[in-house]
Amino acid sequence: MDSLRALAMLAAAGRKGLTLQLLAACSFRADMVATLVEREFATLTHENVQVGGKIIEVAKVRITDSGRHALAAEGQWNEASSAHCGRDWPVFTN
């Protein structure tokens with residue numbers, strides 16, 4: 001299930017979370033992320049970050065305690081295998 005895979009990636013990212021853009025690049029749809037937020041399994045915030053001397057706004061997604069509990073209940077949390085999105089490139093949190 002994609003939502004569990006997204007939660008596992010968010011859990012592996014820790015407190016920094018992941019950008020919505022990165023989740024989209026990993027084939028997670030915005031409506032699925034919105035559902036995670038509505039169910040209080042994740043939070044979505046807009047933050048300003050400096051990239052190459054420019055300040056840009058990014059949407060950051062972070063897992064909540066409820067999201068961690070949902071992962072644990074499904075037996076899906078495996079830190080060693082959840083920090084990727086099935087691509088051949090690493091996940092950067094920011």
Checked pairs for region 2-30, first more than 19 Å from His46 (Cα to Cα), second acidic (Asp, Glu) and assigned to a helix (DSSP H, G or I), C-beta under 8 Å and 6 or more apart or across chains, list as Leu4/Glu74; Ser27/Asp2
Could you check, for region 59-76, whether at least one of its residues is in a strand (DSSP E or B) and modelled with pLDDT under 90? no
When the residues of region 1-58 are narrowed to those that are part of a strand (DSSP E or B), under 9 Å from the mean Cα position of the chain (by Cα) and of a type outside the set (S, T, N, Q), which ends up nearest to Gly75 (Cα to Cα)? Ala42
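The values are calculated or read from the model by the stated rules, or taken from the named source; none is laboratory data. Because the structure is predicted, anything quoted here is derived from the model rather than measured. Ideal geometry is used to build each Cβ from the backbone, glycine not excepted, and the neighbour counts take in all protein chains shown.
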